[in-house]
Amino acid sequence: MRILVLSINYWPDETGIAAFNTWRCEYLAARGHQVTICTAPPYYPEWRVPERYRGKLFQRETRNGVTILRSWMFVPQKPNAKTRILHEASFLASSFVRALCVGKPDLIFAVSPPLGLGLTAATLGRLWNVPFIFDVEDLQPDAAVELGMIKGQSIIRRLYQIESLAYRRAALVSTITEGMRERIVQKGIDPKKVVLFPPRADSSLYTLRDRFDGSAFREKHGLAGKLIVSHSGNMGVKQGLEVILEAAAKSREWEEIQYLFVGDGSMRTQLEAEARVRKLSNVRFLPLLDNDAFGQMLAATDIALITQQRVVSDIVFPSKTVTLLSAGCPVIASVNSGSEVARTVLRSGAGLVVEPENADVLLEAIQELAKSPETLARMSVQARNFAIESWHELYTLPRMEEQFVNCSKNWRLPSVKAASAD
């Protein structure tokens, strides 16, 4: 089967959607499918394009059987609502031109965000008379509204119109959690049309704590004897990371606790500046780490944090949740109690859920777990077991392939009457 994938994120970016896309595409290619992805140059989460990818309108690469077609896009140095619109619009335009040159596939798989790729897939699907699957990793319009990122009512209405059109035109709508699936169904989409493609865990993480004890990381960074409380991954608006700084300020006399921010993102500079102003010597920032160093960091982590703003519920499911549980990290989730993250942490037994944006209860939870190594050990085992049962590649990737094959085999060109109704 010839599969065309449309997504803004792919290898060599290693976090979030990029990692999921890479695993999916390479699995399908290994299964004998002809896979081509139209994507952007790597840029996330640093919001910076590496030197060898700069200044080129189009680029072509091949990796592990996947043809990678990159097209230029604008990458803002300081992303905000306006520059993000330009950022996504530039990719939508260039990737559409790039996709037109690929030739007719049997199936299109469009990954959102950006939401506009739903329109690209719908247009190409009509042009080539082929089905497309619309994969929703974030409910982008809901996130923009609930986080206050976009306030203009005309823009909000247009986003929801684009979302509705993409859902209606798609042969299937896929997403990663049951909570997100329910949200999509509540928008009037046939439940039979909305399927789950659970995230795939990195199976090498299952044995991480058997292979490493974290001592090398602790020694390198002068953290021997410390209780390491870490946040890793994207440092953006949705994460509401100020609560960690506030907890650090309230526990500055607890010399045994060390807070780590590992990664990058649009809020990192602001967080670092605030930590300096408040003279938080118990807070340290580390850059994105290579795989080995990142594994050592996870092995050394005593308590991993997942934080979100109060308004965030089922609009997103951070990929770090899968990573942390797979690595056996005990978790404290400072999130909305109705969110999929909260349900996952509680159902797995991997940690505690506390009220979001409340530094006092976050610190209380940290102190509670710090007093009980036995509880931390039990949570570690339960986290890893849950990840294996829920996100193992032997389950998630074959299920996705089956849906791809069935969608292509069973799809029928919409009637003229149905098409005009759209």
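Only helices enter the 222 nm calculation for the chain: every DSSP H run of n ≥ 4 contributes -39,500 (n - 2.57), and dividing by all residues gives -13500 deg cm²/dmol, rounded to 500.
The aspartates and glutamates within cross-link reach of Lys409, meaning a Cα-to-Cα straight distance under 15 Å and a gap of 8 or more places when in the same chain, are Asp106, Glu401.
Size descriptor for segment 203-390, Kirkwood hydrodynamic radius: 16.3 Å (Cα pairs only, one decimal). Of the residues Val262, Ser372, Pro287, the one whose Cα sits farthest toward the positive end of the charge dipole of segment 203-390, with +1 on the Cβ of Lys and Arg and -1 on the Cβ of Asp and Glu, is Pro287. Overall, segment 203-390 carries a charge dipole of about 160 debye about its Cα centre when +1 sits on the Cβ of Lys and Arg and -1 on the Cβ of Asp and Glu, all other atoms neutral. Going from the fewest other Cβ atoms within 10 Å to the most, the residues Thr83, Thr62 appear in the order Thr62, Thr83. Each peptide in 127-140, 210-223 gets a packing score, the mean of other Cβ atoms within 10 Å over its residues, and the list from highest to lowest is 127-140, 210-223. Among the listed pairs Lys82/Lys279; Lys250/Lys320; Lys193/Lys320, which are separated by more than 31 Å between their Cα atoms? Pairs exceeding 31 Å: Lys82/Lys279.
Distance between the 7 Å Cα→Cβ label points at Thr62 and Glu393: 2.1 nm.
Just one of (1) 23.7, 79; (2) 21.6, 71; (3) 21.5, 66 is Rg and Dmax of the Cα atoms in Å as worked out from the coordinates here. Which one is it? Working out Rg and Dmax of the Cα atoms in Å from the coordinates points to (2). Put a plus charge on the Cβ of each Lys and Arg, a minus charge on the Cβ of each Asp and Glu, and nothing anywhere else: the dipole of the chain about its Cα centre is then about 1620 debye.
With 0.36 nm allotted per residue and the present C-alpha distance subtracted, the Ala81-Lys104 stretch has 4.8 nm of extension available.
Bear in mind that the values in this text are calculations on the coordinates, not laboratory data. Note that the structure is predicted; figures quoted are calculated from it, not measured. Don't worry about glycine lacking a Cβ; one is built from the backbone with ideal geometry, like all the others, and counts go over all protein chains shown.
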